[in-house]
Amino acid sequence: MKKVSVADARNFVATVELPPAPHISRAREAAEPLQLVKDKTQALIVGSDVMSFVQGVTTERRQDLVNASLLAQLVATKEVPDPTNLQAWYDTYFQVLTNLGFAIQDRQFAEYREQSADFEAQKAIISIATTLLGAAPTALALVKTTLEALKTDGPWLTLFTRESQSAKTAKFQVTLADPGQGDQFLVSLMAFALTAETNLTQLLIFKVRSNGATLRHVSGKVTINPEVLASVREDVSRRLEKYAKAYVEALPQL
């Protein structure tokens with residue numbers, strides 16, 4: 001995998017094309033900006049990404065992850081507007097993250113196989129998260145709590161549904177950031193692509209016969225070059241200035 005330099009990353013951020021900025025109501029425009037706090041466990045919806053931060057992750061790194069995820073989603077949607085072309089969308093999504101200093105070792109999607117007669121979306125997500133985070137019970141518990149909070153009605157659910165679902169397909173991500181030891185930056189990423197024979201209901205309560213839906217996923221620990229990511233922090237923030245309030249919602253306090 002090609003190593004991305006600071007110059008490469010800054011050039012990418014400056015030149016990549018984004019979709020038109022969405023209309024934002026006056027009330028939304030006047031709302032207080034999102035507060036990211038190092039000393040709190042927090043969960044957010046960033047477009048189609050369910051993002052959780054363990055207490056101790058710095059404010060700067062929280063903002064870096066929010067911005068990287070949003071930029072990747074916007075670029076992918078610009079380049080692949082067909083919501084059913086999930087593989088092409090994710091190819092672009094992962095490439096954007098790579099250009100920002102993320103090292104994702106395996107981008108190959110595996111099919112999730114349900115052993116019972118029924119397929120339940122949240123059960124499948126937790127099963128995959130357990131495999132990835134089983135050695136970190138605190139992190140796994142945070143993912144479960146975040147998913148439960150997302151099911152409650154609010155602007156976060158409206159946003160997630162809008163960005164993740166389209167008739168019979170869905171694409172969504174689950175990201176967890178942990179401070180690790182010393183100055184380590186530990187990020188776990190799960191990406192999901194769901195296709196169903198019938199129109200999707202609310203994603204996290206979606207339930208169907210096992211032969212009526214196919215869930216594919218990529219999951220793993222992500223290595224990030226903090227120097228590269230920090231170098232584009234201000235550039236990315238400027239490019240996302242007109243988008244953030246339309247695509248980012250804080251979940252209720254966990």
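The values are calculated or read from the model by the stated rules, or taken from the named source; none is laboratory data. Here the structure is a predicted model, which means the values were calculated and not measured. Quick reminder, even Gly has a Cβ in these numbers, built from the backbone with ideal geometry, and neighbours come from all protein chains shown.
Scanning the range 1-52 for residues that are on the phi < 0 side of the Ramachandran plot and small (Gly, Ala, Ser) yields Ser5, Ala7, Ala9, Ala14, Ala21, Ser25, Ala27, Ala30, Ala31, Ala43, Ser48, Ser52. Scan the range 217-230 and give yes if some residue there is in contact with a Phe, Trp or Tyr (Cβ under 6 Å, 6 or more places away or on another chain) and closer than 23 Å to Gln115 by Cα, otherwise no. Within the range 217-230 (the criterion being in contact with a Phe, Trp or Tyr (Cβ under 6 Å, 6 or more places away or on another chain) and closer than 23 Å to Gln115 by Cα), the answer is yes, since at least one residue qualifies. Say whether the condition of being modelled with pLDDT of 95 or more, under 18 Å from Val174 (Cβ atoms), out of contact with any helix residue (DSSP H, G or I) (no Cβ under 9 Å at 6 or more places or on another chain) and aliphatic (A, V, I, L, M) is met by at least one residue in the range 79-100. Taking every residue of the range 79-100 in turn, at least one turns out to be modelled with pLDDT of 95 or more, under 18 Å from Val174 (Cβ atoms), out of contact with any helix residue (DSSP H, G or I) (no Cβ under 9 Å at 6 or more places or on another chain) and aliphatic (A, V, I, L, M).
Go through the range 82-110 and report how many residues are closer than 20 Å to Thr15 by Cβ and either out of contact with any Leu (no Cβ under 9 Å at 6 or more places or on another chain) or of a type in the set (D, E, K, R) (or both).
Filtering the range 82-110 down to residues closer than 20 Å to Thr15 by Cβ leaves 91-102.
This time we only want the ones that are either out of contact with any Leu (no Cβ under 9 Å at 6 or more places or on another chain) or of a type in the set (D, E, K, R) (or both), so: 91-95, 98-99.
Qualifying residue count for the region: 7.
For the range 9-35, a residue qualifies if it is loosely packed, with under 10 Cβ neighbours inside 10 Å and among the aliphatic types (A, V, I, L, M), and the qualifying residues are Ala27, Ala30. The set of residues in the range 171-210 being touching a helix residue (DSSP H, G or I) at 6+ places or on another chain (Cβ under 8 Å) and part of a helix (DSSP H, G or I) consists of Leu203, Leu204, Ile205.
On the basis of being surrounded by 13 or more Cβ atoms within 10 Å (Cβ to Cβ), at pLDDT below 95 and within 17 Å of the chain's Cα centre (by Cα), does Gln122 make the cut?
Values: surrounded by 13 or more Cβ atoms within 10 Å (Cβ to Cβ): yes; at pLDDT below 95: yes; within 17 Å of the chain's Cα centre (by Cα): yes.
Yes; evaluated as a whole, the condition is true for this residue.
The residues of the range 180-203 that are closer than 17 Å to Val46 by Cβ and of a type in the set (Val, Ile, Thr) amount to a single one, Val187. Reported count of residues in the range 198-234, each being over 21 Å from Ser48 (Cα atoms) and over 20 Å from the mean Cα position of the chain (by Cα), is 8. Pairs meeting the criteria (first residue in the range 182-203 and over 30 Å from Arg61 (Cα atoms) and at pLDDT below 95, second residue surrounded by fewer than 14 Cβ atoms within 10 Å (Cβ to Cβ) and of a type in the set (Phe, Trp, Tyr), beta carbons under 6 Å, at least 6 apart or on different chains) are lacking.
Screening Thr98, Thr77 for residues that are touching a residue at least 24 places away in the same chain (Cβ under 8 Å), outside any loop (DSSP other than H, G, I, E, B) and within 14 Å of Tyr247 (Cα to Cα) leaves exactly one candidate, Thr77. Residues that are free of Cβ contacts under 8 Å to residues at least 24 places away in the same chain and not small (Gly, Ala, Ser) are absent from the range 165-179.
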